1. Search region 69-89 for residues that are over 11 Å from THR100 (Cβ atoms) and outside any strand (DSSP E or B) and pair each with any residue that is among the β-branched types (Val, Ile, Thr) and modelled with pLDDT of 85 or more when their beta-carbon atoms are under 6 Å apart and the residues are at least 6 apart or on different chains.
2. Across region 150-174, which residue is nearest to ALA284 (Cα to Cα) among those that are open to solvent by 30 Å² or more (accessible area, probe 1.4 Å) and over 29 Å from the mean Cα position of the chain (by Cα)?
3. State which residue is nearest to the chain's Cα centre (by Cα) when the search covers only region 67-83 and only residues that are open to solvent by less than 70 Å² (accessible area, probe 1.4 Å) and among the small types (Gly, Ala, Ser).
4. Among the residues of region 121-135, are any open to solvent by 20 Å² or more (accessible area, probe 1.4 Å), assigned to a strand (DSSP E or B), without any contact (Cβ under 8 Å) to a residue 12 or more places away in the chain and not aliphatic (A, V, I, L, M)?
5. Quick check on region 275-286. Is at least one of its residues more than 33 Å from the chain's Cα centre (by Cα) and either touching a residue at least 12 places away in the same chain (Cβ under 8 Å) or not in a loop (DSSP other than H, G, I, E, B) (or both)?
6. Quick check: is even one residue across region 53-66 open to solvent by less than 50 Å² (accessible area, probe 1.4 Å), modelled with pLDDT under 90 and assigned to a strand (DSSP E or B)?
7. In region 334-349, which residues are under 17 Å from PRO272 (Cα atoms) and surrounded by fewer than 16 Cβ atoms within 10 Å (Cβ to Cβ)?
8. Determine, yes or no, whether PRO208 is modelled with pLDDT under 90 and loosely packed, with under 13 Cβ neighbours inside 10 Å.
Amino acid sequence: MQRYSLNSDHGSTVSRRSARSSWLSTALLTSSLLLGGLLLPSLGLAQRITDINPGVNSTNVTAETSISGLFDTSDGSRVDVSSVKLLLDGTNVTAASSITPNFFRYKPPTPLSPGAHTVQVEYKNSAGLQRVASWTFTVQAAQAALAISSVTHNASAPLGPGSTLLATLSGTPAAQASILLIEGWTNVREIQAQEVSPGTYVASFVMPNPLTPQEAVIMGQLQKGGQKIYGAASQPIVLRATAVAPEVVASSPATTAIAATEPTPAVVPLKPQFTSHQMDQRVASESGFQLVGQTRPNATVQVKVVAITPVLGGFVNVGGTSLVDRQFVADASGLFTVPVPAPLVINSNTRYDIQATATANGEVSSVTQLRLRQ
């Protein structure tokens, strides 16, 4: 029997017909390495790498992934463990890998960077035949963890039909926010919120008629990408069946019946209420913050914000720095926002004293006061 070498340096002494026959025989013996749809040629008996992680051409792989696979020895062949070489993006990571005749695994010591990565596995079987397999996967960009710092609302008094609920959620900016009004833990209304400034979301909802008298809970929902978190307001709200007590007029039975069945429309309080912050709440940002409040629709609100910063252990105050002293006009739902810049001198003891009054149709409200701390 004549021999035929694919790597002979002396030329073939076999006829073209014999060479073609030998080539066809070799081709029939050539197997393929199947990796989840990736086909790679190899010589000798069929042998595969299976159950690879991450999968071939997989996307959205987490940065903390490990790389692993199984050597399929169901055909009776074995892997020469000493010949196995594992490369990640061209870097030899064999020494840091766990390798057996049936299995390999590598856990990167640090999270992988976002983008495409290539794995290559080289090994020989017990017959000395070389195998090479490679595939790619893509690591998703890291997502910042979502956070909700506060959920507040304007319902310090009971709400009836026609009353406006204004809720504010503070948290991670550039996300999707909504407010959940949970009535008696049975009925849930989801109210979409708008981002009025980075990380500040406001939702407004006019209470319907009729309402079931009961206690309700306000929760905030924030989602971005595949993440979703919830936060609850510290105070529940109370719902009542009527906006105000029915007015009874004794002039005639007909008038009395109408007054008893048709409640007077609710009057929105003129006195401003800050819904974004509560008394003595901490302000996290050192570049300023934004106040959100509620008053009567289209009312004019005069807002003053003064910063006081103790220094030298509190013996000296850098006080009386006026940050805001101007008017703001509420929108058609009574919502107004106040951007507050950061003072020139600021530390963890900085205090913000806030005053607000509203005016509408010649009526002037009483003063609303709020104190915040850095």
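1. Going by the 6 Å Cβ cut-off, the qualifying pairs are ASP89/THR118.
2. Only one residue tops the list, namely SER156.
3. Only one residue fits best here, namely SER68.
4. no
5. Among the residues of region 275-286, not one is more than 33 Å from the chain's Cα centre (by Cα) and either touching a residue at least 12 places away in the same chain (Cβ under 8 Å) or not in a loop (DSSP other than H, G, I, E, B) (or both), which makes the answer no.
6. Going residue by residue through region 53-66, those that are open to solvent by less than 50 Å² (accessible area, probe 1.4 Å) are 54-56, 58, 61, 63, 65-66.
Next, from what is left, pick out any that are modelled with pLDDT under 90: none.
Looking through region 53-66, none of the residues is open to solvent by less than 50 Å² (accessible area, probe 1.4 Å), modelled with pLDDT under 90 and assigned to a strand (DSSP E or B).
7. PRO339
8. no
The values are calculated or read from the model by the stated rules, or taken from the named source; none is laboratory data. Since the structure is predicted, the reported quantities are computational estimates derived from the model, not experimental observations. So basically every Cβ, Gly included, is an ideal-geometry build from the backbone, and we count neighbours across all protein chains shown. Only protein heavy atoms, including side chains, enter the accessible area calculation; ligands, DNA and RNA are left aside. Shrake-Rupley method; radii C 1.70, N 1.55, O 1.52, S 1.80 Å.
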